[in-house]
1. Along the three principal axes, how long is region 178-329 when you take its alpha carbons, biggest first, rounded to the nearest angstrom?
2. Quick one: which of 296-307, 262-273 comes out on top by average Cβ neighbours within 10 Å, and what's the full order, highest first?
3. Where does region 263-328 land on the Kirkwood hydrodynamic radius, alpha-carbon pairs, in angstrom?
4. Mind jotting down the three principal axis lengths of region 117-184 based on Cα atoms? Whole angstrom, largest first.
5. Which of Gly115, Phe305, Leu143 sits farthest toward the positive end of the charge dipole of the chain, with +1 on the Cβ of Lys and Arg and -1 on the Cβ of Asp and Glu?
6. Which percent, to the nearest 5, of DSSP beta bridges fully inside the chain are antiparallel?
7. Going by alpha carbons, how many degrees (0 to 90, nearest 10) lie between the helix axis of 308-328 and the longest principal axis of the chain?
8. Hey, could you pull the Cα Rg and Dmax for region 48-131, both in Å?
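Derivation of every value follows stated rules applied to the coordinates shown; laboratory data play no part. In this text, all values refer to a predicted model and were calculated from it rather than measured experimentally. Glycine gets a Cβ as well: all are built from the backbone with ideal geometry, and neighbour counts include every protein chain shown.
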Amino acid sequence: MKILPVFLPQRGCKNRCTFCSQWAVTGFERPLSFDELDELVQNYLKTTHSFEIAFYGGTFTALDESEQLSYLCWASRYVQTGICSGIRLSTRPDEIDEPRVRFLKEHGVKFVELGVQSFDDEVLRLNGRGYTQSDVLKACEILKEFEIDFGIHLMVGLLGDEAMKDILSAWQTTKVKAKSCRIHPTLVLKGSILESIYRRGEYVPIALHTAIDICSDMTAVLESHGVRVIRLGLYVPTELLKNVVAGPYHPRFGELVRTRLVEKLYSFLNASSIVHTERESSWVSKLNVPKSKGKSFGFLAQGEFVPWQDALESYAEEISKEVVLCSKR
């Protein structure tokens, strides 16, 4: 399902997270008026017939209820006409409680994306998030109680972060039964607090190859447990790339992660070749290994076909053993 993003840059945000600079990557310094939003919908309808409306870029549930209602009523008009198939929004875990979720449910919200970033309390503290893992777990339970599906947004390479913490965050995402996950590496954005920290020499972004490696393992963990990874990497319009000061940005980051994961599974299985469909062609095209097209995606190993999902689950099981060992150290 296509999504029409409605950006509410830092609306409702009560504090400033170290990495955040909404205008730097969206180009929006203020929310659009309702007339401008109507025009946005009409332009979007030129390329698609149905979509979901998503309120991104701020903390929606921290807005005054009257402002939330204004946006939800505007979106509901398009739901009622059949143009819009649903409403989703993003918010912080600590701005979720029963009254607010009941309000969302009553006004047609079908999906909530939680900006979790990490399940590690120290990482959350260092990056100015203002909540703990327990707040995240509580928010997830409330959303499940009200039968509102939710996704989780994670970041890698934050202040105080490390690969094993990222893998553990992926595992926690599976445990709370999130439906989907977005992952992107931390970028130093113009105008962010992190930019000042970086320029003082107190923060070093992770390398691109490191970000790819970590995200490929996180993807294995998530998708082996039925959590759809719907976005890898931060989308930055070409005209705004000048606002990326440093960090592992790549316009095809997701494809690089998928290719690395295929490579890892190929090696893990000691496979003799890759069998892929048209959908995976871009993932495998740059791998210098035997490959052929088929009806299903997977590997030939020891003379047998191993489906992609089976390979993914076996590999994720090995990762889990490493996680257990590290957690005991």
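1. 55, 43, 30
2. Details: 296-307: 14.9, 262-273: 16.8.
Answer by packing, highest mean first, reads 262-273, 296-307.
3. Working: mean 1/r = 0.0793 Å⁻¹.
Evaluated on region 263-328, it is 12.6 Å.
4. 34, 20, 16 Å, listed from the longest principal axis down.
5. So the residue we want is Phe305.
6. Numbers: 9 of 43 bridges.
Bridges in the chain are about 20 percent antiparallel.
7. Once rounded, one gets 80 degrees.
8. 14.4, 47
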